[in-house]
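Here is the structure we will look at, set down as structure tokens.
The values are calculated or read from the model by the stated rules, or taken from the named source; none is laboratory data. Note that the structure is predicted; figures quoted are calculated from it, not measured. Glycine gets a Cβ as well: all are built from the backbone with ideal geometry, and neighbour counts include every protein chain shown. Please note that ligands, DNA and RNA were not included when accessible areas were found on the heavy atoms of the full protein model with its side chains. Shrake-Rupley method; radii C 1.70, N 1.55, O 1.52, S 1.80 Å.
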Amino acid sequence: MNDTVKRIEGGREIIHGAKQSTFDQPLITIITSTYNAAKDLHWTIDSIRAQTYPNIQWIIADGGSKDESVELFKQNEDVIDYWFSEPDKGIYDAWNKALKHAKGDWVQFIGAGDEYYQNSTLDEVSKIVSKAYPVYEMVYGRVKLLDQNRKPIGVSGIPWNEMKGSWQGIRPMLPVHPEVFHHKSILMNIGGFNAKYKISADTEFMYKSMYKKDPLYIDVFIDKLAMGGVSTDPESLILIYNELKSINHENSISPPLINRLKTVSKVYIKYFIYRYFSLSFFRLVSKVYACFVKRKI
């Protein structure tokens, strides 16, 4: 990418100024990274616009889209507080850039195409997070998982006492990121995301906080999460595995031997099927495998 391209930017707060937290209504910053996502972003725009909670700062970090994204941002500056578009080095680079503009007491990261579970979601969450800190630095709930046709296929989110100490392959079990709210103190202490990881930096970020200070689980559906993206791309299987190994090494995480053996076998078998058969056959095998292996997410 050509990093000499100038940033273009806009948003409600450039003209009207930034919103501020109050005792009863903490400012919640929502960050979304996009790249050529105009066809999906309208779900998120409509969902945030419909929220009954008024004290929201929505930041969109766009990676220099070539589709209609920028025009869409300009058309919806009543709900987008700040947006910028310029080349980046991936989702975590974009998130780190966006964090420099975050003014909220609590920060959430959601994808283009995600929707809040209901119009009162952030109203419910605000009442909890306003009293959570300093006892809790992270608060998380549940999400509804959607397939590519936006049909429900499952749910995510279990209490921390059930999640802590459990494993998903070679990584400690963690919440799905869009269901998590981060207090601004974490972002200052950790300093953002390690952008050397292209797919798993949010895993490292959540681990550094959650396994040092327990998060607060709330039995509230937060998000409708459209499954997809680079982390579910079969081409990314090996990269994810290698990144998780590196994160484990750097953070002294030691998965059980059986988990390591099962994970490396599954990764390379699935990659072999994808590489030497077809994508449709790969998806069929993955679907059959999921029917036999029940995982907590």
Q. Stretched out fully, how many nm does the piece from K196 to M227 gain, at 0.36 nm a residue minus the Cα gap?
A. 8.8 nm
Q. Once both axes come from the Cα atoms, what is the angle between helix 38-49 and the longest principal axis of the chain, in degrees from 0 to 90, rounded to 10?
A. 60
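Over the chain, calculate the relative contact order: mean separation of alpha carbon pairs under 8 Å at least 6 apart, over the residue count, as a percent. The partial results should precede the final answer.
Details: 515 pairs, mean separation 56.4, N = 297.
It rounds to 19 percent for the chain.
Over the chain, with every protein chain in place, what whole percent of the accessible area is carbon and sulfur at 1.4 Å, could you tell me?
Details: 8190 of 15030 Å².
Ligands and nucleic acids excluded, carbon and sulfur give 54 percent.
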Q | Two-site label geometry, M188 and D214: point separation in nm, points 7 Å out along Cα→Cβ | A | 2.6
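Hey, got the dipole for segment 129-230? About the Cα centre, +1 on K and R Cβ, -1 on D and E Cβ, debye to the nearest 20?
On the way: 14 positive and 9 negative charges, 35 e Å.
Roughly 160 debye for segment 129-230.
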(Q) How much length would be gained if the chain were fully extended between V155 and I128, taking 0.36 nm per residue of separation minus their Cα-Cα distance, in nm to one decimal? (A) 7.6 nm
Q) Quick one: if you stick a label point 7 Å off each Cα along the C-beta vector at F23 and S166, how many nm between them? A) 4.0
**Q.** Between helix 121-132 and the chain: long-axis angle, C-alpha atoms, 0 to 90°, nearest 10
**A.** 90
Q: Take each of the peptides 244-254, 82-92, average the number of other beta-carbon atoms within 10 Å over its residues, and list them starting from the highest.
A: 82-92, 244-254
**Q.** Rounded Å value of the spacing that divides the Cα centres of segment 160-219 and segment 68-100
**A.** 23
Q: Quick one: grab the alpha carbon gyration tensor of segment 1-57, order the square roots of its eigenvalues as a ≥ b ≥ c, and give me rounded if a/c is under 1.5, else prolate or oblate depending on whether a/b is larger than b/c.
A: oblate
Q | Separation of the S246 and K100 label points, Cα + 7 Å toward Cβ, nm | A | 2.3
Q: For A50 and L257, calculate 0.36 nm times their separation in residues minus their Cα-Cα distance, and state this gained length in nm to one decimal.
A: 69.8 nm
